[in-house]
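Enquirer: Okay, here's the structure, questions in a sec.
The values are calculated or read from the model by the stated rules, or taken from the named source; none is laboratory data. Model, not experiment: these values are computed from the prediction. Ideal geometry is used to build each Cβ from the backbone, glycine not excepted, and the neighbour counts take in all protein chains shown.
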Amino acid sequence: MRFPTLSLLLLAHQAQAFQGQHPIHEPSISSTSTSPLLKLHKGLVEHESITGNEHNVAKYLISYLKDQNFTVESQDVGPWKGSTNPRENVFAYIGKQRKTRVLVSSHIDTVPPFWPYERRGDEIWGRGTVDAKGSVASQIIAVEELLAAGTLEEGDVALLFVVGEEVGGDGMKKANDLGLSWETAIFGEPTELKLASGHKGTMGLEIVAKGKAGHSGYPELGKSANAMLVPALNLLLNVELPYSEKYGNTTLNIGTMEGGVAANVIAENAGAKIAIRLADGTPAVIEKIILDTLLKADEELDVFFSSGYGPVYIDSDVPGFDTIVVNYGTDIPNLEGDHKKYLYGPGTIMMAHSDHEHLEVKDLENAVKGYKALIEHALK
Ligand SMILES: *[C@@H]1O[C@H](CO)[C@@H](O)[C@H](O)[C@H]1NC(C)=O
Ligand SMILES: *[C@@H]1O[C@H](CO)[C@@H](O)[C@H](O)[C@H]1NC(C)=O
């Protein structure tokens with residue numbers, strides 16, 4: 001059995017998973033949105049920004065923040081693989097002081113497919129309305145309102161909106177090159193307006209089986225890659241992975257399987273892609289369990305692990321907020337430094353990435369209040 005350990009970006013494949021999905025279209029109740037919050041949220045959602053294609057929404061955001069008199073820097077992140085479109089993080093602050101005590105941050109990319117902004121009564125539907133343009137809009141308005149109230153001054157708060165969060169986090173990793181550090185970083189993702197006290201870790205795994213093609217009537221002449229892969233996957237379905245009181249079970253999702261070319265041909269190639277959500281331990285611990293388990297399949301399989309991380313602790317010590325534990329990954333582990341971390345935002349992850357992504361207007365409005373409270377707490 002060979003075990004070359006490579007870093008593959010398995011998450012890139014997850015992003016494709018919704019390509020075939022079609023949003024539900026129902027007649028919309030038209031309603032004009034006039035508040036600065038709703039206007040900004042609408043502007044963000046209307047600019048399609050599936051990972052790799054964030055340039056237009058970044059331009060929109062830069063222009064918006066400049067109009068609000070923020071000092072704005074764009075940080076080149078470089079084109080997505082196979083594309084030439086420029087991509088940039090947007091970094092903004094008050095006046096000349098780019099080093100601030102608090103960072104307020106979220107991401108401007110979305111998962112596919114794009115579907116447009118739609119107001120339905122008190123609800124706002126569309127790709128990115130929740131994940132994470134609801135956070136982006138309410139974070140900006142929170143800072144604007146604190147500024148207008150005279151609560152903030154130069155050196156207090158910076159805003160950072162990154163590309164690439166949905167697929168590997170290249171935007172946030174690049175943000176480490178800004179050469180800055182903060183006392184507190186407030187991250188925006190859908191947490192149902194609660195403070196997340198932690199999130200599960202994540203890692204990816206790909207298994208490849210290489211057999212020998214032949215006529216299905218003469219199995220002795222070939223070796224079926226499918227027959228090699230299936231027992232290995234069955235072992236993984238039954239493997240015991242670390243559990244923790246806080247996060248529950250480590251879960252393993254066999255997201256894709258493929259193998260063979262026709263029913264009457266012995267499959268030469270087969271493979272599966274798997275995502276693991278870690279409730280405890282480290283990627284190294286999980287790797288060992290997986291490899292020990294696959295040894296029992298007694299087949300020569302290639303196993304590739306993507307780089308990942310264990311469960312992430314998040315601060316949740318702000319009075320007045322409910323707390324929640326979430327099972328999704330964020331950019332939090334991608335930002336270096338020993339800052340205090342908060343994770344908060346409008347909408348629920350159950351809607352994000354779905355074909356019915358939406359939130360309520362009052363969630364956005366409450367998120368502005370929540371971010372203001374978090375920023376003020378961090379500046380105490
Ligand atoms: C930005 O600054 C200009 C010039 O000082 C001022 O006229 C304008 O009202 C400011 N805009 C905002 C949104 O604060
Ligand atoms: C966690 O795993 C155990 C053992 O496999 C299982 O019995 C239990 O139902 C799982 N819990 C949840 C919430 O899925």
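Enquirer: Does Asp331 fit the bill of being among the acidic types (Asp, Glu) and surrounded by 14 or more Cβ atoms within 10 Å (Cβ to Cβ)?
Expert: When the stated conditions are applied, Asp331 passes them.
Enquirer: Inside the range 230-264, can you point out the residues that are closer than 15 Å to Leu301 by Cβ and either within 16 Å of ligand 1 (Cβ to nearest atom) or in a strand (DSSP E or B) (or both)?
Expert: Across the range 230-264, the qualifying residues are Ile254, Met257, Glu258, Gly259.
Enquirer: Would you mind telling me which numbered condition in (1) closer than 22 Å to Leu146 by Cβ; (2) away from ligand 1 (no atom under 16 Å from the Cβ); (3) buried (at least 18 other Cβ atoms within 10 Å of the Cβ) Phe70 fails?
Expert: (2)
Enquirer: Turning to a different aspect of this structure: List pairs: first residue in the range 97-115 and under 24 Å from Val130 (Cβ atoms), second residue crowded, with 24+ Cβ neighbours inside 10 Å and of a type in the set (Ser, Thr, Tyr) anywhere in the structure, Cβ distance under 6 angstrom, at least six positions apart or on different chains.
Expert: Ser106/Ser135; Ile108/Ser49; Asp109/Ser49; Asp109/Thr51; Thr110/Ser49
Enquirer: Checking the condition surrounded by 14 or more Cβ atoms within 10 Å (Cβ to Cβ), away from ligand 1 (no atom under 16 Å from the Cβ), assigned to a loop (DSSP other than H, G, I, E, B) and among the aliphatic types (A, V, I, L, M), which residue from Ala227, Ala267 passes?
Expert: The match here is Ala267.
Quick grid of which residues meet (1) surrounded by 15 or more Cβ atoms within 10 Å (Cβ to Cβ); (2) over 21 Å from the mean Cα position of the chain (by Cα):
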{"site": "Val285", "(1), (2)": "yes, yes"}
{"site": "Asp292", "(1), (2)": "no, yes"}
{"site": "Gly308", "(1), (2)": "yes, no"}
{"site": "Asp315", "(1), (2)": "yes, no"}
{"site": "Asp322", "(1), (2)": "no, yes"}
{"site": "Leu335", "(1), (2)": "yes, no"}
{"site": "Tyr342", "(1), (2)": "yes, no"}
{"site": "Gly347", "(1), (2)": "yes, no"}
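Enquirer: When the range 252-281 is examined, which residues are found to be free of Cβ contacts under 8 Å to residues at least 60 places away in the same chain, closer than 27 Å to Val326 by Cβ and of a type in the set (Val, Ile, Thr)?
Expert: Listed by number, the list holds a single entry, Ile254.
For every residue, the table says whether it meets (1) of a type in the set (Asp, Glu); (2) surrounded by fewer than 24 Cβ atoms within 10 Å (Cβ to Cβ); (3) more than 16 Å from ligand 1 (Cβ to nearest atom).
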{"position": "Phe161", "(1), (2), (3)": "no, no, yes"}
{"position": "Asp177", "(1), (2), (3)": "yes, yes, yes"}
{"position": "Ala185", "(1), (2), (3)": "no, yes, yes"}
{"position": "Glu192", "(1), (2), (3)": "yes, yes, yes"}
{"position": "Ala196", "(1), (2), (3)": "no, no, yes"}
{"position": "Lys212", "(1), (2), (3)": "no, yes, yes"}
{"position": "Ser216", "(1), (2), (3)": "no, yes, yes"}
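Enquirer: Restrict the check to the range 55-65 and report whether at least one residue is within 24 Å of Trp182 (Cα to Cα), aromatic (Phe, Trp, Tyr) and either loosely packed, with under 15 Cβ neighbours inside 10 Å or in the same structural domain as Tyr371 (by TED's automatic domain parsing) (or both).
Expert: No, the conditions are met nowhere in the range 55-65.
Enquirer: Here's something else I'd like to know. Which of the residues spanning the range 138-155 are away from ligand 1 (no atom under 16 Å from the Cβ) and either part of a loop (DSSP other than H, G, I, E, B) or of a type in the set (Gly, Ala, Ser) (or both)?
Expert: Ser138, Gly155
Enquirer: Return a yes/no flag: does the range 365-372 have any residue that is closer than 15 Å to Val326 by Cα and among the hydroxyl-bearing types (Ser, Thr, Tyr).
Expert: no
Enquirer: While we're looking at this one, here's another question. I'd like the residue in the range 237-264 that is over 25 Å from the mean Cα position of the chain (by Cα) and surrounded by 14 or more Cβ atoms within 10 Å (Cβ to Cβ) and, out of all such residues, is farthest from ligand 2 (Cβ to nearest atom).
Expert: This residue is Gly260.
Enquirer: Output the residue which, of all residues in the range 30-67 that are β-branched (Val, Ile, Thr) and more than 16 Å from ligand 1 (Cβ to nearest atom), is modelled with the lowest pLDDT.
Expert: By that ranking, first place goes to Thr32.
Residue by residue, here is whether (1) assigned to a strand (DSSP E or B); (2) over 20 Å from the mean Cα position of the chain (by Cα); (3) touching a residue at least 40 places away in the same chain (Cβ under 8 Å); (4) closer than 27 Å to Gly128 by Cα holds:
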| residue | (1), (2), (3), (4) |
| --- | --- |
| Ala297 | no, yes, yes, no |
| Phe304 | yes, yes, yes, no |
| Gly329 | no, no, yes, yes |
| Gly370 | no, yes, yes, yes |
